[in-house]
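The next block holds one structure in the form of structure tokens; read it before the comments.
Values quoted throughout were computed directly from the atomic coordinates according to the rules given, and no laboratory measurement underlies them. Because the structure is a prediction, the values reported are computed rather than measured. Positions of Cβ are backbone-derived with ideal geometry, glycine not excepted, and every protein chain shown enters the neighbour counts.
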Amino acid sequence: MSEVERLKTAPWTNTSADYLVKHVFGHKNMSVADFAQTFPRNARIIDVAAGTCDFGVVMASLRDDIFWTYLDVKDYDSDEAESLRTNIPNENVKFITADIFDPETTRQIGRYDRGYTHAYLKHLLKGNESDRQQARRAADFMLNTLRDNGVFGFDASRHPALSRAGLRPKAIYLGKYASDIGIEDMLDSASLPPSLVRWHNAMNTTGISVMSAKRFNPATRGLFLFEHQDGLPTKDPVSLFSSRGAHLLGKLGAAYLHGDAAK
């Protein structure tokens, strides 16, 4: 299965705007409303591999002068994305389903003043050279979506300059004409430590195979029932992106590494 096909079958991401502001693109003392005021007047903004997170919908509701584009390889016309589509505040939010590795996509989406991506590069960076090259292609695509003075924010949790107090963004911001060294440093910071790469890959494998589409509940936006090692499902739907979901998915990943996961 290609990376694009794998991502099409992956669960939707539904990280909250509050989390992205406080822990990724802003800092822990910044409110969502304050972050919304950092955009230029009439800014065009793109979120790549956006999933169904409410980041853009919230920002567009706070700033009716901006225009926000959601871009993902998964189908925004699907039932799973319906709750997001129905919550858009006005006409300043757009959803595009497209493959960023398709040259036609670049011509389709236009140019932007700001860009964001969260967690996507981590899924591409699996510890080998071919995946590194694909992640670089993805980063180049994102930077090419910018206008000349645009800025793109990349989730990079290993950024060496992070403040322990959490008062600096975990993201690395690059301009359209970022140097090769700057882009490669960003990819290094977005990568997981080598000791965690195999475990993370196992989590992805088990998450996609065990969390089948039929277990997705559209009414609860991104929540799944887990079947774990004892054969018992969780009593209530759990988000893959909650601490409990990560714990259960980690158990599945560990079982997969030991050859014990259900096929």
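Side notes on the structure shown:
- Per residue, the Cα convex hull of region 30-87 amounts to 82 Å³.
- Pairwise label distance in nanometres, Lys28 with Gln108, each label 7 Å out on the Cα-Cβ vector: 4.1 nm
- Cross-link table Lys28/Lys170; Lys94/Lys176; Lys74/Lys122; Lys22/Lys170; Lys126/Lys176, entries beyond 20 Å C-alpha to C-alpha: Lys94/Lys176; Lys126/Lys176
- Per-pair calculated FRET efficiency, R0 = 30 Å: Thr38 and Ala98 via Cβ, rounded to 0.05: 0.65
- Within-15-Å neighbourhood charge of Asn149 [Cβ basis; K, R +1; D, E -1]: +4
- Counting charges near Arg136 (Lys, Arg +1; Asp, Glu -1) among other residues having Cβ under 11 Å from its Cβ returns a value of -3.
- Extension gain, Asp64 back to Glu91 (0.36 nm per residue minus Cα-Cα distance, nm): 8.8 nm
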